[in-house]
Every structure is written in structure tokens, then in C-alpha cells.
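The block underneath contains the structure these notes are about, expressed in C-alpha cells.
The values are calculated or read from the model by the stated rules, or taken from the named source; none is laboratory data. Computed from a predicted structure; not experimentally measured. So basically every Cβ, Gly included, is an ideal-geometry build from the backbone, and we count neighbours across all protein chains shown. Keep in mind that these areas ignore ligands, DNA and RNA; they rest on the heavy atoms of the full protein, side chains included. Shrake-Rupley method; radii C 1.70, N 1.55, O 1.52, S 1.80 Å.
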Amino acid sequence: MNQLHETANFIQSKIAAKAETAIILGSGLGNLSTKIQKEFEIPYTAIPNFPVSTVEGHKGRLILGILNGQKVWVLEGRFHFYEGYSPEQVVFPVRVLKLLGVKNLILSNAAGGVNPDYQVGDLMIIKDHISFFTINPLLGKNETELGTRFPDMSEPYAQDFIDKAKAIAAAHQIKVHEGVYVGVTGPTFETRSEYKLIKIVGGDVVGMSTVQENIAAVHSGMRVFAISVVTDLGIREDNNVITHQEVLEAANAAEPKLTLIISDLVKSIA
């Protein structure tokens, strides 16, 4: 808690403005920040106690600015368990955002398609997740200043945000799916048998982020919306080989649709 308060106080000493909504951008999705009228920008390396993004496609900057007429915090790049960070470090920025007054959190990510009806470049609104294959960030002593010991996870993603996003997509004639995200540790892409297992347990996509951030956000009382870009298909029977470069390329191609939905959602939930 001392580190969290130190970091939040440092940021507020640089910019006293507030924002109730924050956005975390995933692999290949950083260009949304170009749509923001920036009021403040700082690299993660200059923020006390902050982890540093080490993955290609994550620029590593904290931004405060205006998106579609609304003030927002934007984390341009996130942190992952597979980078060697602890779950507490992965969710550290989410908890700092809470101390900065954020009430609504929007998460985006690149994910592997498991549902056979999905295609590369599709968007999937996350309605639920399966967290059993990753490490819960709430393990250990509970910080009551952040939230309760046993947070309810019956609605990890706010249904009214989901409904708003679906209406926005329909208005712009953007095809979106709604499904279940399975969180894994990575950094390996899944084996064929693992993809089959994920499909059997009810997963529509699989990824290496988002779940821990969501748990920490819900624990602290935030309302969360999350959306995935399907950047590869792990359920194909042919001899497909997945590379991170292909993931980035697919995310970049889908980004204009994602940006439009998030931009309108920010205004809708304000």
C-alpha cells in the first residue's frame, strides 16, 4: 500500500486532473493513443515502483487526455506474468488507477481463437473468463483499503457496458462476437491438445493477459469492459505455426474497428 500511495501521489504531483475511466491497451493496439488529445504523458520508466513493458507492441507510457470529449487515463502497454513479474506487479497499475479515482476500466487484448466460428481479425466482447490456468493476484494478505477478502465474481464484466458496446458495434455495422476468455500464463502459444481442452471447458478465445487485471479491478470496486482481437486461430487442423509478428499484424489491421467501439463506449459510459 505504501508503494501504491507513493506512485499515485507522484503522478498527481505531475498532473492534478482526474479521470473516471481508464483504458489498458494490449499487443499491437497502441495506436488508439494517437486519437487522444494528450494533456500529460510519462514513460513507465519515470514512474516510481512501476514495472516496465518488455514485449514488442507495448510502448510503455501513461497518458492522460481527451478521447471523444471525455477525459481518460490510458496505459499504452501492460505487464504479464510471463515477463517474470509477480501477479502483484502485473496488477500494480490497476490499483494505482483506483487510487487516482478511476471507476471504469476498459481492457483490450490480442487473443487466440478457439471457437471454430471465429476468424482472424474478428472482435470478441468478453462476457466472462476462466482464470484457473493463471495465478490469482489476490493471493496473500488482503488489503482492506483495496477491497474485501472474498470478492464476488458473478459479473466480472459489466453487463450494461457490454450492451452499450454491442449497440455501438451494430450502429457502425461492425461484427462482434460475445464469449469467454481463458487466461493462461504463456509465453508459449498453446499445444493442439491444450486448445482442445480450452474449447471443451467453454473457452472461445485464449490469451496471456486481462484476467489478473480484471480480478484486481473488481476487487477494488471498478466496473470493467474488455474486448479481444482474434489474432490467430489455434483450432485449425492444418500445420499452422503462430508467431508474435503475425499477432501484431492482425491486431494492427483490426485496430480501427476496436478504436471506434472504445471511443464511443468511453463517451457512452461517461
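Counting only strands (runs of 3 or more DSSP E) wholly contained in the stretch 60-157, the ones carrying 3 or more residues that are closer than 16 Å to residue 228 by Cα and hydrophobic (A, V, I, L, M, F, W, C) occupy 104-113, 123-133. With the requirement that a residue be farther than 22 Å from residue 169 by Cβ, in contact with a helix residue (DSSP H, G or I) (Cβ under 7 Å, 6 or more places away or on another chain) and at pLDDT 95 or above, what does the stretch 216-238 give you? Matches in the stretch 216-238: 216, 217, 220, 222.
In the stretch 137-150, is there at least one residue being of a type in the set (Ser, Thr, Tyr) and either without any contact (Cβ under 8 Å) to a residue 12 or more places away in the chain or in contact with a Pro (Cβ under 8 Å, 6 or more places away or on another chain) (or both)? Checked against the condition, which is being of a type in the set (Ser, Thr, Tyr) and either without any contact (Cβ under 8 Å) to a residue 12 or more places away in the chain or in contact with a Pro (Cβ under 8 Å, 6 or more places away or on another chain) (or both), the stretch 137-150 yields at least one hit. Of everything in the stretch 79-101 that is open to solvent by less than 10 Å² (accessible area, probe 1.4 Å) and touching a Lys or Arg at 6+ places or on another chain (Cβ under 9 Å), the residue that is farthest from residue 49 (Cα to Cα) is 100.
Is it the case that residue 195 is crowded, with 19+ Cβ neighbours inside 10 Å and at pLDDT below 95? Yes, satisfied. Please indicate, with yes or no, whether at least one residue in the stretch 126-140 is surrounded by 15 or more Cβ atoms within 10 Å (Cβ to Cβ) and aromatic (Phe, Trp, Tyr). Looking through the stretch 126-140, at least one residue is surrounded by 15 or more Cβ atoms within 10 Å (Cβ to Cβ) and aromatic (Phe, Trp, Tyr). Listed conditions (1) over 20 Å from residue 113 (Cβ atoms); (2) surrounded by 19 or more Cβ atoms within 10 Å (Cβ to Cβ) are all met by residue 172, apart from (2). Here is the figure for the stretch 47-94: residues that are in contact (Cβ under 8 Å) with a residue 60 or more places away in the chain, closer than 20 Å to residue 266 by Cα and not aliphatic (A, V, I, L, M) total 5.
Taken over the stretch 171-209, the criterion of being farther than 17 Å from residue 134 by Cβ, aliphatic (A, V, I, L, M) and in a loop (DSSP other than H, G, I, E, B) is satisfied by 174 alone.
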